[in-house]
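Participant: To start, I am sharing the structure in question, which I have written as C-alpha cells.
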Amino acid sequence: MVPATECGERTMSAAEQALLADALLGAGLPALAEQYLHRAGLAYQNDAVAEQFLRNAQALAPDHAAVLIGLYRFYFYKGRLAEALEIAKLCLAKAARENDLPADWRHVAAGDAMFDRYDDMLPRFFLFSLKGYAYLQMRLGNLAEGRAAVMKLLQLDASDKIGAKVLLGVLDRIGQDDDG
C-alpha cells in the first residue's frame, strides 16, 4: 500500500523514490539517448554538433534528468545563460513534481521534503535546481528574483549545505565600492 498524506494525496514509496533517484543518475535513459549524450560530450568543441546531439537525446527522453542536466551544463558552460535558465526552469519543475512539491518554488516550505538530508537525492536535486535558477537570474540582471530564490534556499536548507550564502554575499556586495 502506498502511504498517503493527511489530505489523502498519494506520496511516493521508498522503492519509487529509489527508482527516481536512480533515474537522476542515468537509469531508465534509453540507450540511444545515452549515446547521444556521450556523443555531445565528445563533440563539445563544435557547438552546433554537440547541441544537435543533446536535442536528439531530449527528443527521446524529454523529461529525463540526465538529459536536462546535460543541456543545462552545455548552455551554462558555453555562456548561453538565457538558454541555461530555461533548462533550469525545466529542472526545477521536474524536481518539484518528483518531490511532490508545489509547482511554484515560492510556495515550498522546509517541511515539504527532507531538505536537511544532503544524502537524499530528490530534495537535493530541487535545491541545486533552485540554486542554478537563482544564480542565472543574478547573472542575467534579475537581482530581485535571484535574491528571492536565494532566500528560499536558505529557508529550505538552513544549514546551507549547498552554499546559498555565497550567492547572498555576492548580492549584498553588488553596488558597493571595492576601494573602500
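No value in this document is a laboratory result; all are computed from the given coordinates. Bear in mind that the values here come from a model prediction, so they are computed numbers and not experimental data. Neighbour counts run over all protein chains shown; Cβ positions are idealised from the backbone, glycine included.
Participant: Quick check: the distance between the Cα centres of segment 74-95 and segment 131-158, to the nearest angstrom?
Facilitator: 14 Å
Participant: Starting from the Cα-Cα distance between D116 and N46, subtract it from 0.36 nm times their residue separation and give me the gain in nm to one decimal.
Facilitator: 21.2 nm
Participant: F125: net charge of surrounding residues, Cβ under 12 Å, Lys/Arg +1, Asp/Glu -1, itself excluded?
Facilitator: Taking every other residue near F125 into account, the sum is +2.
Participant: Using just the Cα positions, wrap segment 81-172 in a convex hull and report its mean projected area in square nanometres, one decimal place.
Facilitator: Result: 5.1 nm².
Participant: Test of understanding: ordering D157, D116 by Cβ neighbours within 10 Å, fewest first, what list do you get?
Facilitator: D116, D157
Participant: Still on this structure: Note down the net charge around A164, summing +1 for each Lys or Arg and -1 for each Asp or Glu among other residues with Cβ under 14 Å from its Cβ.
Facilitator: Net charge around A164: +2.
Participant: If you don't mind, another one. List D63, D112, D104 from most exposed to least, where exposure is judged by having the fewest other Cβ atoms within 10 Å.
Facilitator: D104, D63, D112
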